[in-house]
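Q: Supplied in structure tokens, the structure appears directly below.
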Amino acid sequence: MALFKLENVEDLYEIGEVLGSGHFGQVREVLERATGTRWAGKFLKLRKSASSRLGLERKNVEREVEILQSLQHCNIMALKDVFESRSEVVLIVELISGGELFDFIAAKESLTESEAIEFIEQILHGVEYMHSKRIAHFDLKPENIMLSDKLVPHPHIKIIDFGLAQHLTQGEEYRSLCGTPQYIGEWNGPFEACCLYVSIGVITYILLSGISPFQGDTDEETLRNILAMNYEFDDYHFSQTTAMAKDFIQKLLVKDQNERMTAEESLLHPWIKPLNRKQAASRCRSSINMKNFKKFNARRKWKMSYNMVSACNRLCHLQLLCKASAKANEELRQCESDQEDTESKPASLLRRRLSSSS
Ligand code: ATP
């Protein structure tokens, strides 16, 4: 069981502005009082009892912490410290100030394939490292791929959010369909054959074309396309894409896991590591479909805010229900007790209220 510090995090860190938020809490900039170093603090609300709907189970936070503790790689967000109070756990992690990779790219006028490859290669290195530690991220998507500093000439990728990550055991069979459907395929079998690299294929496809490979008219159709690995490279969106790039994607988006490119093979694919000058030159001449990519990114951001607003609405509704009929049933009583816990922590409540109004 992971040991978390019981000291008050605010004695050691000054809590600053909100950097982002997820389903179970916020990420805020924090300043280490002793050294003046800036970090990020991930504030995760803990679930108070098994029947409660609010917050995270402690065992899930422990899993995220244990996984982060076992990962030390330049393309993966580093964990510094963990604090625990009665109602929340705070992960002190490396501050990643360059924003999301997709936002960085969408702000550009143009991007060649070779520039895009610099990013894909770093993601591959991070994922290959996770693979070597037998860890599957399970939620590799644009929101979780950030840049440590976007102002440097060659920005550095950082993979974040290990909330769904799993440590997988050698020889065991796994069957999973989790994470964000667009970015993860179904897999079924031993760890060696799992789908860590499908999401990289999807991210590369989107990056080059600005469209999503499996997008159907309905969620069911999208899911069917994912399960069948049904996609195509249409001429309109891929007119500027090299044959090598398509080959790279095709070798990752493969239904038969035994046929799928491995970590080592991906990093050695000629699109990533050209074998000759001609291959290298073609990557520099081809560009990504920027007009469409910008559209994709705008839609993605809109969808994220829509999801966030509807999640907040659902939460408010749940809390109202809890207040109105506190004695109605066991589950609703439980919701109310979560709320009381929050109210007994005026400092953290004030932090959340301030941020939600900002
Ligand atoms: P989700 O509900 O999507 O699983 P989460 O609660 O696990 O989210 P994260 O995805 O880890 O939270 O972080 C939420 C947001 O906070 C990110 O999208 C990002 O914008 C920001 N963020 C996370 N970690 C950092 C960091 N180390 N430095 C700067 N910003 C960060």
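The values are calculated or read from the model by the stated rules, or taken from the named source; none is laboratory data. Keep in mind that this is a model prediction, so the values were computed, not measured. Here Cβ is always computed from backbone atoms with ideal geometry, including for glycine, and neighbour counts include all displayed protein chains. Remember, those area values only see protein heavy atoms, side chains included, never the ligands or the DNA or RNA. Shrake-Rupley method; radii C 1.70, N 1.55, O 1.52, S 1.80 Å.
Q: Residue 48 passes all but one of (1) farther than 30 Å from residue 203 by Cβ; (2) crowded, with 18+ Cβ neighbours inside 10 Å; (3) within 14 Å of the ligand (Cβ to nearest atom); (4) not aromatic (Phe, Trp, Tyr); which number fails?
A: Failing condition for residue 48: (3).
Q: Across the range 123-151, what is the number of residues that are more than 16 Å from the ligand (Cβ to nearest atom) and either more than 15 Å from residue 197 (Cβ to Cβ) or over 15 Å from the mean Cα position of the chain (by Cα) (or both)?
A: Of the residues in the range 123-151, 7 are more than 16 Å from the ligand (Cβ to nearest atom) and either more than 15 Å from residue 197 (Cβ to Cβ) or over 15 Å from the mean Cα position of the chain (by Cα) (or both).
Q: With (1) within 12 Å of the ligand (Cβ to nearest atom); (2) in contact with a Leu (Cβ under 9 Å, 6 or more places away or on another chain); (3) at pLDDT below 95 as the list, and residue 53 as the residue in question, which single condition is left unmet?
A: Here residue 53 meets the rest and fails (1).
Q: Next question. What is the number of the single condition among (1) within 30 Å of residue 272 (Cα to Cα); (2) open to solvent by 30 Å² or more (accessible area, probe 1.4 Å); (3) not in a helix (DSSP H, G or I) that residue 96 does not meet?
A: Going through (1) within 30 Å of residue 272 (Cα to Cα); (2) open to solvent by 30 Å² or more (accessible area, probe 1.4 Å); (3) not in a helix (DSSP H, G or I) one by one, residue 96 breaks only (2).
Q: When the residues of the range 263-281 are narrowed to those that are surrounded by 13 or more Cβ atoms within 10 Å (Cβ to Cβ) and in contact (Cβ under 8 Å) with a residue 60 or more places away in the chain, which ends up farthest from residue 131 (Cα to Cα)?
A: So, considering only residues that are surrounded by 13 or more Cβ atoms within 10 Å (Cβ to Cβ) and in contact (Cβ under 8 Å) with a residue 60 or more places away in the chain, the one farthest from residue 131 (Cα to Cα) is 280.
Q: Now for a separate question. Looking at the range 152-172, which of the residues that are of a type in the set (D, E, K, R) and within 16 Å of the ligand (Cβ to nearest atom) is most open to solvent (accessible area, probe 1.4 Å)?
A: Among those that are of a type in the set (D, E, K, R) and within 16 Å of the ligand (Cβ to nearest atom), it is 161.
Q: I've got another one for you. What about residue 108, is it more than 16 Å from the ligand (Cβ to nearest atom) and in the same structural domain as residue 126 (by TED's automatic domain parsing)?
A: Yes; evaluated as a whole, the condition is true for this residue.
Q: For the structure I just gave you, tell me whether residue 112 is open to solvent by 30 Å² or more (accessible area, probe 1.4 Å), without any contact (Cβ under 8 Å) to a residue 12 or more places away in the chain and touching a strand residue (DSSP E or B) at 6+ places or on another chain (Cβ under 9 Å).
A: Taking the combined requirement at face value, the residue does not satisfy it.
Q: Find all pairs meeting these conditions: Cβ atoms under 7 angstrom apart; at least six residues apart or on different chains; first residue within the range 22-34 and within 18 Å of residue 164 (Cβ to Cβ); second residue open to solvent by 80 Å² or more (accessible area, probe 1.4 Å).
A: Final answer for the pair search is 27/19.
Q: Please go through the range 128-139 and pick out each residue that is under 14 Å from residue 67 (Cβ atoms) and either of a type in the set (Asp, Glu) or surrounded by 20 or more Cβ atoms within 10 Å (Cβ to Cβ) (or both).
A: Answer for the range 128-139, where residues must be under 14 Å from residue 67 (Cβ atoms) and either of a type in the set (Asp, Glu) or surrounded by 20 or more Cβ atoms within 10 Å (Cβ to Cβ) (or both): 130, 131, 135, 136, 137, 138, 139.
Q: Could you list all residues from the range 30-45 that are aromatic (Phe, Trp, Tyr) and either open to solvent by less than 20 Å² (accessible area, probe 1.4 Å) or at pLDDT below 95 (or both)?
A: 43, the sole residue that qualifies.
Q: Among (1) modelled with pLDDT under 90; (2) within 30 Å of residue 274 (Cβ to Cβ), where does residue 158 come up short?
A: Status for residue 158: all satisfied but (1).
Q: In the range 51-80, which residues are crowded, with 18+ Cβ neighbours inside 10 Å and not in a loop (DSSP other than H, G, I, E, B)?
A: Result: 56, 61, 63, 64, 65, 67, 68, 76, 79.
Q: Separate question: Mind counting the residues in the range 11-21 that are of a type in the set (Gly, Ala, Ser) and either open to solvent by 60 Å² or more (accessible area, probe 1.4 Å) or in contact (Cβ under 8 Å) with a residue 60 or more places away in the chain (or both)?
A: So the count comes out to 1.
Q: What are the residue pairs meeting all of these: first residue in the range 135-154, first residue under 15 Å from residue 200 (Cα atoms) and part of a helix (DSSP H, G or I), second residue at pLDDT 95 or above and away from the ligand (no atom under 11 Å from the Cβ), Cβ atoms under 6 Å, and 6 or more apart or on different chains?
A: Close Cβ pairs (under 6 Å, with a partner that is at pLDDT 95 or above and away from the ligand (no atom under 11 Å from the Cβ)) amount to 142/102.
Q: Additional query: Given the structure, is residue 27 modelled with pLDDT of 95 or more and near the ligand (Cβ under 9 Å from one of its atoms)?
A: Yes.
Q: Taking the range 1-24 as the search range and keeping residues that are in a strand (DSSP E or B) and within 25 Å of the chain's Cα centre (by Cα), which one is farthest from the ligand (Cβ to nearest atom)?
A: 15
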